[in-house]
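Student: Here it is: the structure, laid out below.
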Amino acid sequence: MLKNLDPLLNADVLQALRAMGHGDELVVCDANFPADSVARATVLRKLLRIDGADTPRAVRAILSVLPLDTFVEAPAMRMEVVGEPDTIPTVQHEAQAEVDAAEGRSVPFAPIERHAFYARARKAYCVIATGETRGYGCFVFTKGVLLAPDAPRATEPGQ
């Protein structure tokens, strides 16, 4: 165990999060997602796991050390429900609360159609599978930067 680190963050996950650079994307997915086959196409080329945790809890652990990108319009994305793109399942509401708490501001999830989500996930840096059994517990996060206190900050996405 390490001080001040969420115990869900195992060595493989921490190494991947540390190795990612500004603008790299991370997929956090539920147990229904084709995680292994998608992960083989990513930059890391292997699946990472946070077993025994649901997706919102895993998101909390990850975002405790991973800054979200403030230079893009949508640093947090969610998989749309097939045939019901405006439906927000409970797991996504719970994950949204974790994102907003971690960022200290509202960072709404941008929706991505299921097949477009799979295609984007294959281009990500890595995939982290959780023990989430509820469907649509699948998200993409874009890594941001940690700025020095005197560094200029973006006031709006894209600036």
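Values in this text are rule-based calculations from the coordinates and carry no lab data. Keep in mind that what you see is a predicted model, and the values were worked out from it rather than measured. Positions of Cβ are generated from backbone atoms using ideal geometry, with glycine treated the same way; all protein chains shown enter the neighbour counts.
Student: Which members of the range 1-37 meet the condition of being over 22 Å from L146 (Cα atoms), in contact with a Phe, Trp or Tyr (Cβ under 8 Å, 6 or more places away or on another chain) and not in a strand (DSSP E or B)?
Tutor: Correct list: D30, P34.
Student: Continuing with the same structure: Name, by its number, the condition in (1) in contact with an Asp or Glu (Cβ under 7 Å, 6 or more places away or on another chain); (2) outside any strand (DSSP E or B); (3) in contact (Cβ under 8 Å) with a residue 12 or more places away in the chain that does not hold for F117.
Tutor: (1)
Student: Does V91 satisfy the criteria of being touching a residue at least 24 places away in the same chain (Cβ under 8 Å) and under 29 Å from L147 (Cα atoms)?
Tutor: Values: touching a residue at least 24 places away in the same chain (Cβ under 8 Å): yes; under 29 Å from L147 (Cα atoms): no.
It is false that V91 is touching a residue at least 24 places away in the same chain (Cβ under 8 Å) and under 29 Å from L147 (Cα atoms).
Student: May I ask you to list pairs of residues, at least six apart or on different chains, whose Cβ atoms are under 6 Å apart, with the first in the range 15-37 being among the polar types (S, T, N, Q) and the second being surrounded by 13 or more Cβ atoms within 10 Å (Cβ to Cβ)?
Tutor: Listed pairs, sorted by first residue: N32/G135.
Student: Any chance the range 97-112 includes a residue that's outside any loop (DSSP other than H, G, I, E, B), out of contact with any His (no Cβ under 6 Å at 6 or more places or on another chain) and either in contact (Cβ under 8 Å) with a residue 60 or more places away in the chain or within 12 Å of C126 (Cβ to Cβ) (or both)? Before you say what the answer is, go through the steps one by one.
Tutor: So the first thing to find is which residues in the range 97-112 are outside any loop (DSSP other than H, G, I, E, B), and the list is 97-103, 110-112.
Going one step further and asking which of them are out of contact with any His (no Cβ under 6 Å at 6 or more places or on another chain), we end up with 97-103, 110-112.
Then drop every residue that is not either in contact (Cβ under 8 Å) with a residue 60 or more places away in the chain or within 12 Å of C126 (Cβ to Cβ) (or both), which leaves none.
There is no residue in the range 97-112 that is outside any loop (DSSP other than H, G, I, E, B), out of contact with any His (no Cβ under 6 Å at 6 or more places or on another chain) and either in contact (Cβ under 8 Å) with a residue 60 or more places away in the chain or within 12 Å of C126 (Cβ to Cβ) (or both).
Student: Also, I was wondering about something else. Could you grab me the full set of residues in the range 69-84 that are crowded, with 18+ Cβ neighbours inside 10 Å and either β-branched (V, I, T) or closer than 20 Å to E132 by Cβ (or both)?
Tutor: T70, A76, M77, R78, M79, E80
Student: Among the numbered criteria (1) assigned to a helix (DSSP H, G or I); (2) more than 21 Å from M20 (Cβ to Cβ), which one does D86 miss?
Tutor: (1)
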